[in-house]
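Contents: one structure, followed by commentary.
The values are calculated or read from the model by the stated rules, or taken from the named source; none is laboratory data. It should be emphasised that the depicted structure is a prediction, and the values quoted were computed from it without experimental measurement. Heads up, the Cβs are rebuilt from the backbone with ideal geometry, glycines too, and the neighbour counts pull from every protein chain shown. Please note that ligands, DNA and RNA were not included when accessible areas were found on the heavy atoms of the full protein model with its side chains. Shrake-Rupley method; radii C 1.70, N 1.55, O 1.52, S 1.80 Å.
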Amino acid sequence: MKNNFWLLKSEPDAWSWENQVKEGPSMWDGVRNYQARNNLMKMKKGDMCFFYHSVKEKSIVGIVEVVREFYPDPTDKTGKFVVVDVKAKKKLANPVTLEQIKKEKKLKDIALIKQSRLSVMPVNKIEWNKILHISLTL
């Protein structure tokens with residue numbers, strides 16, 4: 001079975017990489033966009049996700065693993081949205097900024113650029129590997 005790759009955005013003031021590491025496995029809640037919800041519903045246990053600090057930092061800072069597949073978001077009163085549980089796997093050697101991603105030809109079609117407001121998005125294997133490579137070569 002092949003694992004898929006994703007990118008999860010969080011505002012560091014609301015939920016940072018440090019929060020994720022400290023809390024251990026935790027819900028990825030608060031998603032209120034249908035496309036992002038559909039992406040959460042496609043996630044499988046063992047899938048890897050980049051952890052992206054949005055707003056001021058605009059950089060990928062770490063990797064989390066999906067440890068529980070989707071279930072109803074307890075913070076959603078409408079019952080339409082879902083969460084997955086993720087746990088921190090590792091901090092990137094060096095954060096990879098949105099600016100660095102935009103400069104890389106192999107990443108020109110990444111959802112982070114094409115659908116910049118989406119908070120949960122797929123990342124293909126080539127994009128995943130390229131971002132890891134950039135992190136190691138900074």
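Pairs exceeding a 28 Å alpha-carbon distance, out of K80/K108; K2/K91; K45/K114; K2/K87; K22/K106: K80/K108; K22/K106. Computed with a 1.4 Å probe over protein heavy atoms only, the accessible surface of the chain comes to 57 Å² per residue. With a cut-off of 15 Å between beta carbons, the residues surrounding L132 carry a summed charge of +3, where Lys and Arg count +1 and Asp and Glu -1. Tilt of helix 125-137 relative to the longest C-alpha principal axis of the chain, in degrees (0 to 90, nearest 10)? Tilt of helix 125-137: around 60 degrees.
Largest GNM mean-square fluctuation across K114, K87, K42, computed for the chain with C-alpha springs under 10 Å, falls on K114. If both residues of a DSSP beta bridge must be in the chain, then about 80% of such bridges are antiparallel.
What you get for the range 1-59, charging only the Cβ of Lys and Arg (+1) and of Asp and Glu (-1), is a dipole of about 360 debye around the Cα centre.
Inter-part distance, the range 4-44 to the range 69-109, computed on C-alpha centroids, equals 5 Å. When only the Cβ of Lys, Arg, Asp and Glu is charged (+1, +1, -1, -1), the dipole of the chain relative to its Cα centre reaches about 520 debye. Here the accessible area is traced with a 1.4 Å probe on the protein chains. For the range 30-92, carbon and sulfur cover 52 percent of it.
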